[in-house]
1. Can you tell me how many residues within segment 1-42 are among the charged types (D, E, K, R) and crowded, with 18+ Cβ neighbours inside 10 Å?
2. Of all residues in segment 58-109, which are of a type in the set (D, E, K, R), surrounded by 15 or more Cβ atoms within 10 Å (Cβ to Cβ) and part of a helix (DSSP H, G or I)?
3. For residues in segment 8-57 being acidic (Asp, Glu) and within 15 Å of GLU84 (Cα to Cα), which is nearest to the chain's Cα centre (by Cα)?
4. Looking at the structure I just gave you, is ILE41 hydrophobic (A, V, I, L, M, F, W, C), closer than 17 Å to TYR106 by Cβ and touching a helix residue (DSSP H, G or I) at 6+ places or on another chain (Cβ under 7 Å)?
5. Can you tell me which of PRO109, PRO20, PRO53 is modelled with pLDDT under 95, out of contact with any His (no Cβ under 8 Å at 6 or more places or on another chain) and not basic (Lys, Arg)?
6. Go through (1) surrounded by 15 or more Cβ atoms within 10 Å (Cβ to Cβ); (2) modelled with pLDDT under 95 one by one and return the number of the condition GLN45 breaks.
Amino acid sequence: MIRVFKHIVPKGYRGITIFPFIFLKQSVSKKDLVLINHEKIHLQQQIELLILPFYIWYVLEFLYFYLKSFNWNKAYQQISFEREAYSNEKDLNYLKSRSLWSFLKYVKP
């Protein structure tokens, strides 16, 4: 379910997925199929990890990479869930062929 609610989306981002919703900063983003696909990939990741473990893993990975680099953007870009979503966001059929736990291919030490 897609909702426009700019107060939930962090500054510098256009959307955020908090199961079962995709929150967008601007209503015009509803037409951005690549952004929506990116966020739907996150929905699938959240479902397969039974939601709460997804957020725990996400935060732990972010903290790990942040402590390595002390760079917010670099840490965010290294998160396996983000790497999978960014790598496949332009493939609008990706979710049809995506196998379970596909984000594991994107985990980095």
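1. 3
2. Of everything in segment 58-109, those that are of a type in the set (D, E, K, R), surrounded by 15 or more Cβ atoms within 10 Å (Cβ to Cβ) and part of a helix (DSSP H, G or I) turn out to be GLU61, GLU82, ARG83, GLU84.
3. That would be GLU39.
4. In short, yes.
5. Numbers: PRO20 fails: modelled with pLDDT under 95; PRO53 fails: modelled with pLDDT under 95.
Going through PRO109, PRO20, PRO53 in turn, just one is modelled with pLDDT under 95, out of contact with any His (no Cβ under 8 Å at 6 or more places or on another chain) and not basic (Lys, Arg): PRO109.
6. (2) is the only condition that GLN45 fails.
The values are calculated or read from the model by the stated rules, or taken from the named source; none is laboratory data. Everything numeric here is computed off the predicted structure, so don't read it as measured data. No Cβ is skipped: glycine too gets one built from the backbone with ideal geometry, and neighbour counts run over all protein chains shown.
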